[in-house]
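For reference, the structure discussed in these notes is given below.
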Amino acid sequence: MSLRDKIDELKKPFGKGEKLEKWAPAINALDTFLYVPNHTTKKGAHIRDGVDLKRTMITVVLALLPALIYGMYNTGYQHFSQISGSDLSFLSCFMYGLWKVLPMVVVSYGVGLAIEFAFAIYRGHEVNEGYLVTGLLIPLIMPVDIPLWMVAISVVFAVIIGKEAFGGTGMNILNPALTARAFAFFAYPTYMSGTKVWVSEATNIDAISGETILGKLAGGKEVAYSTMDMFSGAIPGSIGETSTLWILVGALILIITGVGSWRIMAGGLIGAIGMGLIFNAVSANDLMAFPWYNHLVVGGFAFGLVFMATDPVSAAQTTKGKWIYGILVGMFCLLIRIFNPAYPEGVMMAILLMNVFAPTIDHYVIEGSVKKRKKRLAAKLKTT
Amino acid sequence: MLMHIPSLKSKTKKTSITTLEASPFLYMPLQAYKTPLKPLVNVGDLVLKNEKIAKSNGVFAGSLHSPVSGKIIAIETESEFPHIKIENDFLDTCIEINSTSVEHLTEEEILETIKNFGIEGSGGAKFPTHTKYNTQQKNISHFIINGAECEPYLSADYAVMQQETEALLKAIQLVQKVIKAEKITFGIEKQHKELQSHLLKNAKKLNISIQIKLLPNTYPQGGELQLIKAVTGKELPKGSIPAEHGITVSNVGTLWAIYEAFYNEQPYIERIITISGEKAINRGNFKVAIGTPVSHILEEIGLPWNTENQTVILGGPMMGKAIYQPETPINKGSGGVLILPNPTNKRYNCIQCGYCTDVCPQHLMPMEFARYNTEKNIQKLYEFNLNDCIECGACAYICPSDVPLMKSIVEGKNLLHNA
């Protein structure tokens with residue numbers, strides 16, 4: 001008996017008129033997760049591209065894996081190098097990180113998918129694969145020692161208030177993963193910032209340099225890491241955010257497959273570099289003097305720009321709009337970092353802010369095109 | 001950005017053109033470009049092969065000829081699908097057509113014959129060819145031959161270019177007498193680059209100077225404005241007529257029909273189509289009579305007519321229509337009959353990914369059409385230039401959420417039309 005037959009057997013009690021009919025979306029979700037639907041349609045184009053929403057989402061999950069794996073390793077590395085100082089081999093660091101991070105991923109997926117299933121059944125929808133991405137993003141942007149129940153509550157908030165309240169997949173205004181982080185940031189500030197949360201089990205030890213680089217800068221302390229450290233990611237920080245190198249690998253996957261908008265990423269880089277150069281030129285304080293290229297490799301900038309700002313649902317959708325949106329994300333990220341040291345993680349705020357403005361950007365881009373066209377038509381009418 | 005889609009032509013590309021057995025009944029469609037055709041015959045009349053059975057007047061005048069000899073058994077002008085039904089007597093008695101030899105025809109005579117023989121654009125739009133070539137007022141600098149058959153599966157145009165090369169080139173020579181273009185360019189896709197030397201060799205033999213332009217394998221490369229952009233590098237403004245810019249574009253299928261008209265004295269009564277698709281047996285390129293019902297074509301290749309466990313499509317997979325009436329006939333613009341497996345739709349919410357905007361060759365925003373069609377917002381549909389849509393289906397093909405974009409485009413266009 002093949003897997004296909006087994007699933008068909010399993011689906012029987014969920015069929016039309018059977019007693020478990022209203023739970024059908026749940027079992028159908030499992031089915032489409034395993035099998036690709038046959039790509040032909042009755043209306044319009046009779047053949048379809050092989051990439052459907054599910055494939056798109058799975059591509060993003062794949063793009064996140066390098067950052068996730070490095071994040072697990074770095075969790076162990078930071079712990080061992082700063083606290084116990086014993087075994088620094090890749091495997092032992094990775095195993096320690098796996099032990100710490102996996103429960104967060106499980107909680108995030110478990111809670112989030114349970115809510116998604118509940119809403120799908122309530123609304124009679126199919127379950128969308130969108131949460132596969134959100135559910136992995138949430139643990140990656142949290143500090144490693146955050147209690148699991150806090151992760152769970154953040155997920156509940158993000159999925160219900162951030163997503164389902166607006167109508168579910170495709171309807172949300174804010175990026176759900178960032179909504180979760182923002183919620184955790186304001187609800188549990190002691191667990192989300194400070195000197196000790198970024199290295200696993202650092203609370204037991206007094207003298208520790210467990211702050212993020214941006215935290216240090218804001219506190220007016222020396223930064224002991226080189227740009228190369230920041231780029232490779234062997235620094236304290238949120239689980240998936242530290243290694244710009246592995247995030248770039250993910251970015252490459254997103255750009256090559258066309259899943260993530262390169263325009264938003266490029267725009268973000270331009271915005272951040274431009275703003276960084278301006279601040280470097282002014283150089284009124286230590287924060288402003290922090291070299292522009294370092295801004296690109298510290299904190300959540302790279303991660304946010306590659307995986308969060310490119311979220312198609314909450315980003316701008318017009319081509320020109322994407323450029324504007326990206327550039328503004330980059331600029332606001334640096335503005336917030338430098339003028340508001342209380343929120344060292346400027347990128348989160350910058351993206352959430354631009355999420356709110358994305359529809360406005362699109363509106364004006366479209367209005368602009370309509371006007372231009374009207375003008376051209378009027379000019380044409382005059383000549384003829 | 002134009003997108004690449006799998007070509008799926010390999011199964012039929014190299015097959016030689018075979019003539020399909022004539023159907024016992026023919027359903028001649030009474031619809032030409034923008035105008036209905038008026039029948040010239042009555043029920044019970046006997047008609048001969050090549051006899052004119054319907055026509056319309058005006059700038060877009062069209063005419064229809066009987067592809068067989070036989071008896072008119074029904075004329076439906078009021079139904080949803082107006083047609084003349086002919087019972088084939090399988091005698092193929094031809095009507096006498098007097099013609100002067102091709103060399104001595106004047107421009108007017110050539111245009112008149114094209115008009116009288118009911119020649120229309122075979123690429124799908126069915127634009128009357130005599131109207132297109134009637135360009136006395138304008139100087140045509142560039143004659144582009146559309147060999148870009150961008151719809152997957154279809155290989156009928158390829159078969160004409162490869163197997164009917166001489167006919168094609170002679171037709172070009174003839175058309176050239178009328179439009180007098182300074183330059184002739186053949187646009188073919190890179191996937192068919194073996195045609196390049198073949199066409200050039202034959203053109204040299206006939207002493208015609210043509211250029212070949214290899215085009216990227218993108219969809220929709222064969223759209224008139226997209227082809228012009230790819231060949232000349234100029235993107236004509238939306239809604240403009242190529243002749244205003246000194247360009248005439250003709251499909252290879254149309255040119256083949258012109259050759260038949262002038263060298264074999266045969267009106268547009270048959271065309272070359274591709275029969276293909278996953279569920280088809282006996283795939284290939286076939287010569288079929290206009291008016292042949294799709295059910296007959298299926299029977300001829302050994303498939304029973306049914307729409308339950310297969311989807312039958314008239315035309316290409318991107319722009320063609322799914323057929324549910326067995327009598328639906330081949331018309332002058334159908335490039336093929338495809339038999340595909342039934343669709344299983346998985347509809348997701350729109351995630352505003354913007355792929356549809358990326359692939360739209362007309363730079364439109366298809367997702368807005370879906371939204372404003374649901375809202376029945378005619379003003380917005382107009383502002384987003386729905387009328388510029390060429391219905392190529394690229395957006396529906398790429399949409400990862402399977403939003404019914406084509407459906408909303410067609411419905412939205414109706415809304416605009418009736419407003």
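Tabulated data
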item	result
Criterion: assigned to a helix (DSSP H, G or I) and more than 26 Å from B:ILE351 (Cβ to Cβ) - qualifying residue of A:ALA350, A:ALA378	A:ALA378
Test: A:VAL107 is buried (at least 19 other Cβ atoms within 10 Å of the Cβ) and away from chain B (no Cβ under 14 Å)	yes
Tabulated pairs, the stretch B:207-224, first closer than 18 Å to B:SER155 by Cβ, second surrounded by fewer than 16 Cβ atoms within 10 Å (Cβ to Cβ), C-beta under 7 angstrom, 6+ apart or interchain	B:LEU214/B:LYS190; B:LEU214/B:LYS193; B:LEU214/B:GLN196; B:LEU215/B:LYS190; B:ASN217/B:HIS4; B:ASN217/B:LYS190; B:THR218/B:HIS4
Residue in the stretch B:337-351 that is more than 8 Å from chain A (Cβ to nearest Cβ) and over 30 Å from A:ARG263 (Cβ atoms) present	yes
Qualifying residues in the stretch B:354-388 (those that are more than 10 Å from chain A (Cβ to nearest Cβ), in contact (Cβ under 8 Å) with a residue 40 or more places away in the chain and part of a loop (DSSP other than H, G, I, E, B)) - the one surrounded by the fewest Cβ atoms within 10 Å (Cβ to Cβ)	B:GLN362
Unique residue being away from every other protein chain (no Cβ under 14 Å), surrounded by fewer than 18 Cβ atoms within 10 Å (Cβ to Cβ), modelled with pLDDT of 75 or more and under 29 Å from B:PRO341 (Cβ atoms) when the list is A:LEU10, A:LEU98, A:LEU102, A:LEU65	A:LEU10
Qualifying residue in the stretch A:222-235 (condition: in a helix (DSSP H, G or I), of a type in the set (Val, Ile, Thr), over 30 Å from A:GLY321 (Cα atoms) and touching a residue at least 24 places away in the same chain (Cβ under 8 Å))	yes
Failed criterion for B:ASN414 (all others in (1) in a loop (DSSP other than H, G, I, E, B); (2) surrounded by fewer than 21 Cβ atoms within 10 Å (Cβ to Cβ); (3) more than 12 Å from chain A (Cβ to nearest Cβ); (4) not basic (Lys, Arg) hold)	(1)
Lone qualifier among A:TYR325, A:TYR343 - being in a loop (DSSP other than H, G, I, E, B), of a type in the set (Phe, Trp, Tyr) and not assigned by TED's automatic domain parsing to the domain that holds A:LEU140	A:TYR343
Residue within the stretch A:290-311 that is part of a helix (DSSP H, G or I), within 14 Å of chain B (Cβ to nearest Cβ) and among the charged types (D, E, K, R) present	no
Residue satisfying all of: in the stretch B:8-25; touching a strand residue (DSSP E or B) at 6+ places or on another chain (Cβ under 9 Å) and among the charged types (D, E, K, R); surrounded by the fewest Cβ atoms within 10 Å (Cβ to Cβ) among these	B:LYS11
Given (1) buried (at least 17 other Cβ atoms within 10 Å of the Cβ); (2) without any contact (Cβ under 8 Å) to a residue 60 or more places away in the chain; (3) within 22 Å of A:TYR191 (Cα to Cα); (4) of a type outside the set (Val, Ile, Thr), index of the condition A:LEU113 fails	(3)
Unique residue being facing chain A (nearest Cβ under 10 Å) and either of a type in the set (S, T, N, Q) or touching a Gly at 6+ places or on another chain (Cβ under 7 Å) (or both) when the list is B:PRO404, B:PRO329	B:PRO404
Check on B:CYS392, in a loop (DSSP other than H, G, I, E, B), over 17 Å from B:GLY223 (Cα atoms) and not hydroxyl-bearing (Ser, Thr, Tyr)	no
Flag for A:PHE166 being more than 16 Å from A:GLY240 (Cβ to Cβ) and more than 14 Å from chain B (Cβ to nearest Cβ)	no
Some residue of the stretch A:319-331 being within 14 Å of chain B (Cβ to nearest Cβ), among the polar types (S, T, N, Q) and out of contact with any Leu (no Cβ under 8 Å at 6 or more places or on another chain)	yes
Any pair with Cβ under 7 angstrom, 6 or more apart, that starts in the stretch B:317-338 at a residue that is within 18 Å of B:SER7 (Cα to Cα) and ends at one that is charged (D, E, K, R)	B:PRO317/B:GLU151; B:MET318/B:GLU151; B:MET319/B:GLU151; B:MET319/B:GLU391; B:GLY335/B:GLU151
Among (1) surrounded by fewer than 24 Cβ atoms within 10 Å (Cβ to Cβ); (2) in contact with a Pro (Cβ under 7 Å, 6 or more places away or on another chain), the one test that A:THR360 misses	(2)
Those residues of the stretch B:327-344 which are in a loop (DSSP other than H, G, I, E, B), crowded, with 24+ Cβ neighbours inside 10 Å and more than 9 Å from the chain's Cα centre (by Cα), in sequence order	B:ILE330
The stretch B:297-321, residues that are crowded, with 20+ Cβ neighbours inside 10 Å, of a type in the set (A, V, I, L, M, F, W, C) and over 21 Å from B:LYS13 (Cβ atoms)	B:LEU298, B:VAL312
Single match in B:ALA148, B:ALA125, B:ALA61, B:ALA156 (criterion: within 30 Å of B:LEU236 (Cα to Cα) and touching a Pro at 6+ places or on another chain (Cβ under 7 Å))	B:ALA61
Condition met for A:PHE339 (surrounded by fewer than 20 Cβ atoms within 10 Å (Cβ to Cβ), away from chain B (no Cβ under 14 Å) and out of contact with any Gly (no Cβ under 8 Å at 6 or more places or on another chain))	yes
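Per-residue answers, yes or no, for (1) surrounded by 17 or more Cβ atoms within 10 Å (Cβ to Cβ); (2) modelled with pLDDT of 90 or more:
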{"position": "A:PRO176", "(1), (2)": "yes, yes"}
{"position": "A:ALA184", "(1), (2)": "yes, yes"}
{"position": "A:VAL197", "(1), (2)": "yes, no"}
{"position": "A:ALA207", "(1), (2)": "no, no"}
{"position": "A:ALA218", "(1), (2)": "yes, no"}
{"position": "A:SER226", "(1), (2)": "no, no"}
{"position": "A:MET230", "(1), (2)": "yes, no"}
{"position": "A:GLY237", "(1), (2)": "yes, no"}
{"position": "A:LEU252", "(1), (2)": "no, yes"}
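The values are calculated or read from the model by the stated rules, or taken from the named source; none is laboratory data. Because the structure is predicted, anything quoted here is derived from the model rather than measured. Positions of Cβ are generated from backbone atoms using ideal geometry, with glycine treated the same way; all protein chains shown enter the neighbour counts.
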